[in-house]
Amino acid sequence: MLIRFGYVAMSVHVAHASPSKTMTATQFAKIADREAALGKLVRIAEENLHNTLRLLRHNRAYDIHVFRFSSKLVPLVTHPLTEGWDPIPRLAEPFRELGDYVIQHGMRTSFHPDHFTVLTTPREEVLRTSLADLAHQVRMLEAMGLDERSKCNIHIGGTYGDKESALARFHSRVNDLPAAVRRRLTLENDDKTYTAEETLQAAEELGLPMVLDLHHHQVNPGSGVAAEELWPRIRATWKDTGIPPKIHVSSPKSEKDVRAHADFVEPEPLAAFLGAIAAETPRLDIMIEAKQKDEALFRLVADLAGREEFREVDGATLER
DNA sequence: ACCTGTCAAGTCTGG
DNA sequence: CCAGACTTGACAGGT
């Protein structure tokens, strides 16, 4: 099994490289000249895109092939204050440059909208903004020239006191999505509401790939079925995508606060999981969600690479 | 340069 | 019906 590792949005090693700089809505509203205010947002977005490219170069230097873009690359883009504003044409060049770099170096990239994107919502307005968010992220991937192997990963959402009807809404809303959006979706089990089993069932029914989050499964295990038992079905959801299955790993911050992310990743549970699935899984991509970002990646890879069962292929790729 | 309260956004719980 | 928790990087305003 070939395993690649990646991290989320920002690096603890590359200084002053935030890809999520922003402006508050209050500040935006204070600027009388709307064109000037929008121009400022474009400048911030350019800086975010530039910093993202710096991060990709850093990733390349350390053999990191998996990366999640910040969901805040373009500030306030789906805010009501900027209604009717379309900054993507103005940002075509930096987006294209990012995408070219990703393609040139064979990287796997994705987006993961914030928890305000909820397709299960009964509220019309929330659904509208959720769809706008998704559409925006897909447009950014398109502006980068990245094909449908670059995904947008979402959770199913809330229950509103009735999981059955929430799931029914989820199904019909996914089916109503524009094809270009739907084909980019992946579904992830969450840490409170929709278990890995429930998420898997929805993914199978909708024909979407499922991202298994091992930490979420640990704190929201449902019936308690082991992740490796679900794995053959989860793996099967990736069959026709042209990309390896992806999982998320992180560790509880503390016993008191098990859902929060720790600085680093405990290697042991992951090593055990990988041992259980290695035989049936030729390739796997692992997204590390730890506070110490790429440093957590380096430590985890070093730990695993030191074990007998693993062989280091490059700085962020292992063979098991 | 550094500190602290605040920030666009949703959902859920509890009062 | 409303306040607070959840969670998080960065802003904004102050020293």
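Summary of values
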{"item": "Hits in segment A:1-43 - residues which are more than 14 Å from DNA strand B (Cβ to nearest atom), under 30 Å from residue A:64 (Cα atoms) and of a type in the set (Lys, Arg)", "result": "A:4, A:43"}
{"item": "Pick from segment A:242-259, criterion part of a loop (DSSP other than H, G, I, E, B) and open to solvent by 30 Å² or more (accessible area, probe 1.4 Å), ranking: nearest to residue A:210 (Cα to Cα)", "result": "A:242"}
{"item": "Flag for residue A:173 being touching a Cys at 6+ places or on another chain (Cβ under 6 Å) and either open to solvent by 20 Å² or more (accessible area, probe 1.4 Å) or at pLDDT 95 or above (or both)", "result": "no"}
{"item": "Residue satisfying condition, being within 14 Å of DNA strand C (Cβ to nearest atom), under 28 Å from residue A:314 (Cα atoms) and either of a type in the set (Lys, Arg) or over 20 Å from the mean Cα position of the chain (by Cα) (or both), within set A:293, A:246, A:253, A:239", "result": "A:293"}
{"item": "Members of segment A:185-205 that are more than 27 Å from residue A:258 (Cβ to Cβ) and open to solvent by 10 Å² or more (accessible area, probe 1.4 Å)", "result": "A:204, A:205"}
{"item": "Residue A:208, sole failed condition from (1) assigned to a loop (DSSP other than H, G, I, E, B); (2) in contact with a helix residue (DSSP H, G or I) (Cβ under 6 Å, 6 or more places away or on another chain)", "result": "(2)"}
{"item": "Flag if residue A:62 is under 30 Å from residue A:274 (Cβ atoms), open to solvent by 60 Å² or more (accessible area, probe 1.4 Å), away from DNA strand C (no atom under 14 Å from the Cβ) and not hydrophobic (A, V, I, L, M, F, W, C)", "result": "yes"}
{"item": "Close pairs from segment A:31-43: first closer than 13 Å to residue A:79 by Cβ, partner open to solvent by less than 50 Å² (accessible area, probe 1.4 Å) and outside any helix (DSSP H, G or I), Cβ under 7 Å, at least 6 apart", "result": "A:38/A:85; A:41/A:23; A:41/A:75; A:41/A:76; A:41/A:87"}
{"item": "Options A:93, A:97, A:142, A:125: the member that is assigned to a helix (DSSP H, G or I), away from DNA strand C (no atom under 16 Å from the Cβ) and free of Cβ contacts under 8 Å to residues at least 12 places away in the same chain", "result": "A:93"}
{"item": "Residue list for segment A:53-85, filter: in a helix (DSSP H, G or I) and over 23 Å from residue A:25 (Cβ atoms)", "result": "A:53, A:54, A:55, A:56, A:57, A:58, A:59, A:60, A:61"}
{"item": "Segment A:5-15, residues that are in a loop (DSSP other than H, G, I, E, B) and within 9 Å of DNA strand C (Cβ to nearest atom)", "result": "A:9, A:10"}
{"item": "Search result, residues across segment A:206-226 that are crowded, with 21+ Cβ neighbours inside 10 Å and in contact with a strand residue (DSSP E or B) (Cβ under 9 Å, 6 or more places away or on another chain)", "result": "A:208, A:209, A:210, A:211, A:212, A:213, A:215, A:216"}
{"item": "Options A:56, A:76; residue that is at positive phi and within 22 Å of the chain's Cα centre (by Cα)", "result": "A:76"}
{"item": "Residue check for residue A:232: open to solvent by 30 Å² or more (accessible area, probe 1.4 Å) and farther than 19 Å from residue A:7 by Cβ", "result": "yes"}
{"item": "Positions within segment A:41-86 being of a type in the set (D, E, K, R) and modelled with pLDDT of 95 or more, in sequence order", "result": "A:43, A:46, A:47, A:54, A:57, A:60, A:63, A:68, A:72, A:86"}
{"item": "Residue check for residue A:282: more than 21 Å from the chain's Cα centre (by Cα) and either open to solvent by less than 60 Å² (accessible area, probe 1.4 Å) or touching a residue at least 40 places away in the same chain (Cβ under 8 Å) (or both)", "result": "yes"}
{"item": "Test for residue A:92: is it modelled with pLDDT under 95, of a type in the set (A, V, I, L, M) and either over 17 Å from the mean Cα position of the chain (by Cα) or within 11 Å of DNA strand B (Cβ to nearest atom) (or both)", "result": "no"}
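The values are calculated or read from the model by the stated rules, or taken from the named source; none is laboratory data. Keep in mind that what you see is a predicted model, and the values were worked out from it rather than measured. Backbone-built Cβ (ideal geometry, glycine too); neighbour counts: all protein chains shown. Please note that ligands, DNA and RNA were not included when accessible areas were found on the heavy atoms of the full protein model with its side chains. Shrake-Rupley method; radii C 1.70, N 1.55, O 1.52, S 1.80 Å.
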